[in-house]
Amino acid sequence: MNAQEVIRACREEGLSLSEYALRRESAQGGLSPEEILRRFDQMLSVMETSAREALEKPVRSVSGLTGGDAYLYEQRRKTGSLLGGAVSRAVAFALSCSEVNASMGRIVACPTAGSCGIVPAAVLSVEQEYGLSREAVVRSLLTAGLVGQIIGEHACLAGAQGGCQAECGSASAMAAAAVTELLGGFPSQSFDAAAMAIKNSLGLVCDPVAGLVEIPCIKRNAGGVTNALTAADMALAGIASRIPFDDTVETMNRVGRQLPAALRETAAGGLATTRTGLELAAALRKRNQEDPA
C-alpha cells in the first residue's frame with residue numbers, strides 16, 4: 001500500500017481517508033466498523049487524560065531529569081502566548097502527554113512513546129478550537145493510523161532505526177494528515193500535509209540524554225505538533241508538496257539508514273554527548289548507584 005494507491009481508491013469510491021482506513025481495518029482485522037470506532041474512542045479518552053494531566057499540576061519524570069514544563073507553559077498561556085489559541089494549546093498538550101509518558105503514566109504510543117504527544121495535541125487542540133464532534137476526532141485517528149502504517153511499511157517508526165525523524169517526524173506527518181481531514185481537506189491534501197511535515201523534520205537525529213526519552217524528546221513533541229499544524233494549514237490553503245508523500249517517505253528511509261549509529265537512540269552522539277548532557281547522565285548514574293530502589 002502506498003499513498004498514490006490510497007488516493008486513487010478514495011477518489012474512485014468517494015471515500016475520505018478515515019473511511020478508507022476503517023474499511024481496510026475491518027477487512028483485515030475481522031472486526032466490525034462499530035467495534036473499531038469504539039476502540040479508537042477508548043484511545044482518544046486516554047489521550048485526553050494525558051494531554052491535560054501535567055497542565056493541572058507539575059508532573060516529574062521517574063528519573064527526575066524533567067518535569068513541570070507543561071504546567072509552566074499552561075500558566076504562560078493563561079496570561080497570553082505568542083502562538084495564539086490553537087497552537088499554544090497544542091504545545092501545552094504535547095508537553096503534557098510527553099511528561100506523563102516520562103513519569104510512567106498511561107499514554108497512547110502514537111506511533112511511539114517518545115512521540116506520543118504530537119497526534120493527541122494536534123487533534124485535541126483543533127477539536128477545541130473549532131468545536132468539532134467527538135466522532136470526527138475519533139475518525140481522524142484512523143487517518144493518522146493509516147499514514148503511520150504506510151510510513152512503517154516503506155520506512156520505519158523507531159528512533160533506533162531511523163533517528164527522531166522516524167518518531168517525531170512520522171508523528172508530525174500523521175497529525176498533519178489527521179488535522180487536514182478534520183478541517184475538510186481532501187485525501188490528496190492530507191498526504192500533501194504529511195509530506196511537508198516529514199520534509200520539515202527530515203534528518204532529525206535521535207540523541208537522548210542518558211538514553212532516556214526525556215531530553216530533548218519532550219520539547220521535540222512540542223516542536224513536532226507546531227510542524228504538523230503548519231503543514232496542515234499550508235495544505236488547506238491549497239499548497240501542494242512538490243515532492244509527493246511516497247517519495248518523501250522513501251527519502252526518509254534512505255536518510256535514516258545513512259545516519260550514523262551515534263545519532264540513532266544510542267546516546268553516543270548529539271546532545272547526549274554535550275558537556276551538560278554527560279554531566280546529567282553521570283549524576284543520574286551516581287544517584288541510581290546510591291539508591292538502586
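The values are calculated or read from the model by the stated rules, or taken from the named source; none is laboratory data. This structure is a prediction, so every number in the text was calculated from the model and none was measured. Ideal geometry is used to build each Cβ from the backbone, glycine not excepted, and the neighbour counts take in all protein chains shown. Protein only, heavy atoms only, side chains kept; ligands, DNA and RNA dropped before computing areas. Shrake-Rupley method; radii C 1.70, N 1.55, O 1.52, S 1.80 Å.
Condition first: in contact with a Leu (Cβ under 6 Å, 6 or more places away or on another chain), assigned to a helix (DSSP H, G or I) and of a type in the set (S, T, N, Q). Can you find one or more residues in segment 133-141 that meet it?
Yes.
Could you pull out the residue among Ala113, Ala109 that is among the hydrophobic types (A, V, I, L, M, F, W, C), open to solvent by 10 Å² or more (accessible area, probe 1.4 Å) and free of Cβ contacts under 8 Å to residues at least 40 places away in the same chain?
Ala109
For segment 227-243, give me the residue count where each residue is outside any helix (DSSP H, G or I) and either at positive phi or of a type in the set (Gly, Ala, Ser) (or both).
Residues flagged as outside any helix (DSSP H, G or I) and either at positive phi or of a type in the set (Gly, Ala, Ser) (or both) within segment 227-243 amount to 4.
Considering only segment 1-103, give the helices (runs of 4 or more DSSP H) lying wholly within it that have at least 3 residues that are modelled with pLDDT of 95 or more and more than 23 Å from Pro120 (Cα to Cα).
The helices (runs of 4 or more DSSP H) meeting that bar are 3-13.
Pick out the one residue from Ala175, Ala121, Ala171 that is closer than 22 Å to Ala272 by Cβ, open to solvent by less than 30 Å² (accessible area, probe 1.4 Å), in contact (Cβ under 8 Å) with a residue 24 or more places away in the chain and part of a helix (DSSP H, G or I).
Exactly one residue qualifies, and that residue is Ala171.
What number of residues within segment 256-281 satisfy the criterion of being open to solvent by 40 Å² or more (accessible area, probe 1.4 Å), part of a helix (DSSP H, G or I) and either of a type in the set (Ser, Thr, Tyr) or more than 16 Å from Gln165 (Cβ to Cβ) (or both)?
The number of residues fulfilling the criteria is 6.
Just to verify a result, which residue in segment 1-33, among those that are over 16 Å from Ser190 (Cα atoms) and among the charged types (D, E, K, R), is surrounded by the most Cβ atoms within 10 Å (Cβ to Cβ)?
Glu25
Might you check whether a residue that is over 14 Å from Gly159 (Cβ atoms), more than 24 Å from the chain's Cα centre (by Cα) and of a type outside the set (Phe, Trp, Tyr) occurs anywhere in segment 251-261?
Looking for residues that are over 14 Å from Gly159 (Cβ atoms), more than 24 Å from the chain's Cα centre (by Cα) and of a type outside the set (Phe, Trp, Tyr), one finds none in segment 251-261, hence no.
Return the residues of segment 78-106 that are open to solvent by 30 Å² or more (accessible area, probe 1.4 Å) and β-branched (Val, Ile, Thr); say none if nothing qualifies.
Answer for segment 78-106, where residues must be open to solvent by 30 Å² or more (accessible area, probe 1.4 Å) and β-branched (Val, Ile, Thr): Thr79, Val87.
Between residues in segment 246-264 that are closer than 12 Å to Ile150 by Cβ and modelled with pLDDT of 95 or more and residues that are open to solvent by 70 Å² or more (accessible area, probe 1.4 Å) and outside any helix (DSSP H, G or I), which pairs lie under 9 Å by C-beta distance while being six or more apart or on different chains?
The qualifying pairs are Thr248/Leu202; Met252/Leu202.
Taking Glu74, is it open to solvent by 40 Å² or more (accessible area, probe 1.4 Å), in contact with a Leu (Cβ under 9 Å, 6 or more places away or on another chain) and closer than 26 Å to Tyr130 by Cα?
Details: open to solvent by 40 Å² or more (accessible area, probe 1.4 Å): no; in contact with a Leu (Cβ under 9 Å, 6 or more places away or on another chain): yes; closer than 26 Å to Tyr130 by Cα: yes.
No; evaluated as a whole, the condition is false for this residue.
(1) open to solvent by less than 50 Å² (accessible area, probe 1.4 Å); (2) aliphatic (A, V, I, L, M); (3) free of Cβ contacts under 8 Å to residues at least 24 places away in the same chain: which one isn't true of Leu37, the others all being true?
Only one criterion is unmet by Leu37, namely (3).
If I ask for residues that are assigned to a helix (DSSP H, G or I), open to solvent by less than 20 Å² (accessible area, probe 1.4 Å) and farther than 16 Å from Gly162 by Cβ, which ones from segment 195-226 would you list?
Ala195, Met196, Val209, Ile218, Asn221, Ala222, Val225
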